[in-house]
Structure formats: C-alpha cells, structure tokens
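Here is the structure we will look at.
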Amino acid sequence: MVGEPIPSRIAPILDEIRRELATIAYPLPTRQAEEGADARDDIVHQLDDYILPRYRNLDAPVLAVIGGSTGSGKSALINALVREHVARSSAVRPTTRQPMLMFNPADEHWFSDSRILPELVRVSGGQESDEPHTHLSLHTTDALPAGIALLDSPDIDSFAQENRELAAQLLAAADLWVFVTTAARYADAVPWTLLDEAAQRNIVVSVVLNRVPPGQGAQVRPDLARRLNERGLQSAPLFVISEQEFDELGFIRDGDVSSLRDWLIGLSVDSASRVAVVRQTLTGAVVQLGDTLNVVCETYDEQISAQRALQWDIDNAKEAALAAINQALDDGVVLRGEVLARWQDVIGTGTWTRALEDGVSRIRDRVVTWFTGQTGDEHQVIEALDESIQTLLATQAEASALEVRTAWQRSALIIPPQERDHEQRRAEAGELVRQWQEELYALVSTEGESKKATARFLALGVNAIGLALMITVFSATAGLAGGEIAVAGGTAVVAQRVLEAVFGDDAVRRMTKQATGSLRERAAEFISRDLKPYREMLDGLELGESHIVKIDDLRRQLRRAHGLERA
C-alpha cells in the first residue's frame, strides 16, 4: 500500500460500491437468486458494520469478537477477562442471545453511536430486549484498557437461525476473532467452517481451547495446532484453559486467562501491533469483498437473462399474433364465409364476371346500381366484415395473453391480472373496427373534395366508396381456393376499378396503403393491451445490465487501489 493514504484512495470506491449495491435486487425466482441476495446482504453488512467505519477511523479501538460453539464457555471466559459477571452463563441454550459490547469508559464515544453495526439498537448494559438479536448491549469496564473492545457473540451453531445469522454478522464486523472451542468439540465441522473463512479472509484470529481435562492438554493441543497449520492458521495464538472449579468469586481462575488477557492488552497498548491487526484484517476483508462482488455480478446477470427471456415471451407472443392477423388480412380470410355470401347475394357470381369481360364502364354501372341501393344493402356486407375482423382481433389477442401466461407460469412467477375479459375484448375489438371505418370514410371524403372527383364521388356516396376501399384492403387472394377466388377476386377487381374511376390509380394506391397501415397499427395496439400488465411487471423489476458493468468496474478499481491488479 504505497503512495496515497488508504482512506483517500479506497473509501470513496467503497462508498460508491455501497450505493450501487442498494440498487441491486433479485426479484425473479432464478436458480441463484437466493445466493445472490445473500452475497449482496453480506457485503452491505460488512461495509456498514466494519469496512467503511474502519477506513474512516483507522485509529478507533480494536474490536475483538469472542465467538464459538454452543456450550464452549464464552460467557464464563468473558466474565473472567473483565472480572465481572456481565455475561450470563447457564446450562440453558442458547445463553447469549443479545450481544454485549465491553470497552473502557474512555472509548465510549466510539461505540455509543451507529458508527459500527448501525442496524443494532444500543441499550445500556443489563437491559434485555424482547427482540435481543436486534439490540446491542453496551457495558463500560475499567478492566479493559483504552484501545480495545470485546464483543460477546451468540453461538455460531445456535438452533435459532437469527442467532446464527447475527453471530456471522458480528464476526464479519471484527478486527480480530477470539474463537472459543472445547477439548470435546474442537474437531466438529461447524467451528472449522468458520476458521476456514478466517483463513480465507486473512483475519487475525486467536483460538482458545477451553475445558481441557487434566492430563489431556499434551494430547489435544498438538492435534489442534496441526489442524490450524493445515488450514493456514499457523500464526494464530493458541490458548489452553484447563477444566477446573471456578474461584471463590465464580470466575475461571485468573492464571488460566491471564495469557489471553495479556495478549489482548498488548494489542491495545502497542500502536504498531494494533495497526498491523487492523490492516491485515481490513485488507483480507476487502479482498473477500471483491470475490463476493463477483458472485453478485454472476447471479445478477442470471436475473438479467431471465428478464430477457420473459421479455422474449411477450415480444414473441405479440409478433405471433400480429403475424396471424397480417396473414389473415393478406390471404383474404376476412372475405370468406359470411362476407362472401353477402357479396354473392348482392352482386352474383355469373353476371359481374361477364360484365368484367365486357368492359369497365359496364362494371361501373353494375356496381353503382348496387351501391345506390337499387339491388341490395351494403350494410349487410359491412356488418359481416365487422364480425370477421372483430373475431380475428379478439381471438389473437386472447391467444397472445394465454401464451405469455403459460410461459410465465413455468417460471414460477406471480401472474399479473388480466386487464379485460373475453366480453370486454370483443367489445373493444368491435369499437376498433368502427373507428377504423370512420377513418376510412373521412379519408374518402377528404379525397373526394377535389373538383375532378366530385361528380363521380357524389354519384356513389361516402358509404359505398368506403366499403369499396375496405374490400380493396382485403383484396389479396392468396389462400383462397376454387369458387372463393372467383368471388373474392372478382369482387376486389370491381371495387378497385370503381375507386380508380373516382380517384385515379395513384390516389387508390395511396388510400389503400394508408387504410391498411392504420388497421395494422390499431391491431398492434389492441394486442399490446392484453400484454401491458406483463410489460409493466417487467419494467417494475428495475433490472439493468448497467448495474453489473458499474459494480465490475468498481471491483477492479478496488483491486488496483490495493495493488492487487494492474490498471
């Protein structure tokens, strides 16, 4: 750590990491969501509880957390160190539920506020809350010199989950660990899992082997030392306390705890040792933080991928519905069935095909007669068209919503409620068709205002010409077969030639293109209505790839600031 002082180089990066982590969430039930949320919470806790306050106050007292397994004798050890009965010792487990922080009165200003462990509510020594794992009991004692504080932690293997979680949080907030185990339980898996973590973090740790039966110290101590060496903890001081009766005041005999007490006091009075402890633990915590940030990025990337997949479900359902609608419009489906029957009734298949062969003028006369009401009623054809388009739109909208709902159910997501039911969907589809028809009538009216088109326009009327434009929009015959081609195709030719006679070729092409485009735009909006709740749900997740990019960049900055990575 050469050059600029540590706080000025690293603390701003850590502050930015903390702010960015506040934007990270795992709302989707992906495979690694829980792991990612835990990693994020671990980093936030360690930043708030230890790393940030320690960087801001490198000269604050050393915080030693005393932790260990159930029944290891932590409370009795703490009482013996301070020569006060401050920690409850009992056969009823768990004994320690509310953590207690002990320090010299001169250091009270370091711990009375929320500088460290800001989530824990401060209470005076001896007071116990109804929710002990949310409170921190403060106790001043002259038995500890200024410069060091002891924190009594709940059992690391407590049957109560909140106690285990709090113990892990407190250990992560420590400058050093005093790990207490017993001759009977030092080989258990849980203590070694924690000690392995200490080795990974390069945290300063000492081990207390408590309750060693007389005559067994020479056997147990070498085995424990060997295990520590194998895990990279060979430099950890090892203190052995024999199993014995307490003294007349109810404490472990002073001769058994004096070496541990002297070691702790030595750290507090020797500024070089204190700085070395702080820097070693702090550096290890930052390195581990970088590794945990990798987990956050990887698991958050899984959230982004899941969101993209869900977005694809929506987009694909919409595209499929619109493709089906466009195909139906293009291949003449809406001119089939009832629509064709009405046309057949009005025009008749044999007469107008012969008229088509005789010339445009005779076609025009034939159609004008029909349009002006002498041989039929165009409203029947319009109603048949309305029903055909309405059914097409409603069916495809319902199918698109069902497709997304089915896909999301497989992802175990909460399905948003539908905005409209079947009847509402059909009613709104009918309204869409009516609005589109009104637009077509307005379009032909505007086009018919030109002087050249006025006489022919007035001869036919707005409704007749509007219907002719509708028929032209649906005039493609791909997909029709046999007699349907003759009916629909011939009808389309008649309608188109009438329009061309009134407006001219260019105007007909322009109006047909505009009318077709408008219908397809309205259809896209109609389909989107049923997919809107799903899009809004995804937007509300506030997931973004920029968070990963930012955190990864900050992680690299942090490593470079520590000299662990080159720019």
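Among the strands (runs of 3 or more DSSP E) confined to region 138-234, the ones with at least 1 residues that are in contact with a Gly (Cβ under 8 Å, 6 or more places away or on another chain) are located at 176-182, 204-212.
Is it the case that residue 487 is at pLDDT below 70, more than 51 Å from the chain's Cα centre (by Cα), part of a helix (DSSP H, G or I) and in the same structural domain as residue 526 (by TED's automatic domain parsing)? So residue 487 fits the description; yes. Of all residue pairs spaced 6 or more apart or on separate chains, those with beta-carbon atoms under 8 Å, a first member in region 108-120 that is assigned by TED's automatic domain parsing to the domain that holds residue 145 and a second member that is aromatic (Phe, Trp, Tyr) and crowded, with 21+ Cβ neighbours inside 10 Å are 110/103; 111/103; 116/50.
For (1) closer than 19 Å to residue 206 by Cα; (2) part of a helix (DSSP H, G or I); (3) at pLDDT below 90, each residue gets a yes or a no:
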site: 263; (1), (2), (3): yes, yes, no
site: 268; (1), (2), (3): yes, yes, yes
site: 288; (1), (2), (3): no, yes, yes
site: 299; (1), (2), (3): no, yes, no
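Residue under question is residue 443, and the condition is that it be outside any loop (DSSP other than H, G, I, E, B) and buried (at least 17 other Cβ atoms within 10 Å of the Cβ); does it hold? For residue 443, the condition - outside any loop (DSSP other than H, G, I, E, B) and buried (at least 17 other Cβ atoms within 10 Å of the Cβ) - is met.
Residues are listed down the side, and each one gets a yes or a no for (1) touching a residue at least 24 places away in the same chain (Cβ under 8 Å); (2) among the β-branched types (Val, Ile, Thr); (3) touching a strand residue (DSSP E or B) at 6+ places or on another chain (Cβ under 7 Å):
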{"residue": "122", "(1), (2), (3)": "no, no, yes"}
{"residue": "136", "(1), (2), (3)": "yes, no, yes"}
{"residue": "145", "(1), (2), (3)": "yes, no, no"}
{"residue": "159", "(1), (2), (3)": "yes, no, no"}
{"residue": "163", "(1), (2), (3)": "yes, no, no"}
{"residue": "195", "(1), (2), (3)": "yes, no, yes"}
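The residues of region 420-438 that are surrounded by fewer than 18 Cβ atoms within 10 Å (Cβ to Cβ) and in contact with a helix residue (DSSP H, G or I) (Cβ under 6 Å, 6 or more places away or on another chain) amount to a single one, 430.
Among the residues of region 370-428, those identified as assigned to a loop (DSSP other than H, G, I, E, B), modelled with pLDDT under 85, under 34 Å from the mean Cα position of the chain (by Cα) and not β-branched (Val, Ile, Thr) are 411, 412, 413, 416, 417, 418, 419. Of all residues in region 44-88, those that are buried (at least 23 other Cβ atoms within 10 Å of the Cβ), assigned to a helix (DSSP H, G or I) and among the β-branched types (Val, Ile, Thr) total 2. Inspection of region 232-247 identifies no residue that is modelled with pLDDT of 90 or more and farther than 21 Å from residue 178 by Cβ.
Regarding region 175-196, can at least one residue be identified that is basic (Lys, Arg) and more than 29 Å from residue 245 (Cα to Cα)? Within region 175-196 (the criterion being basic (Lys, Arg) and more than 29 Å from residue 245 (Cα to Cα)), the answer is no, since none of the residues qualifies.
Count of region 247-301 residues, restricted to those that are within 30 Å of residue 34 (Cβ to Cβ) and either crowded, with 16+ Cβ neighbours inside 10 Å or touching a residue at least 60 places away in the same chain (Cβ under 8 Å) (or both), is 20. Here residue 499 meets each of (1) hydrophobic (A, V, I, L, M, F, W, C); (2) at pLDDT below 70; (3) over 53 Å from the mean Cα position of the chain (by Cα) with one exception, condition (2).
Looking at 529, 559, just one residue is basic (Lys, Arg), in contact with an Asp or Glu (Cβ under 8 Å, 6 or more places away or on another chain), closer than 29 Å to residue 426 by Cβ and modelled with pLDDT of 80 or more, and that residue is 529.
The values are calculated or read from the model by the stated rules, or taken from the named source; none is laboratory data. Predicted, not measured: the structure shown is a model, and the values here were computed from it. As a convention, Cβ positions derive from the backbone with ideal geometry for all residues, glycine included, and neighbour counts pool all protein chains shown.
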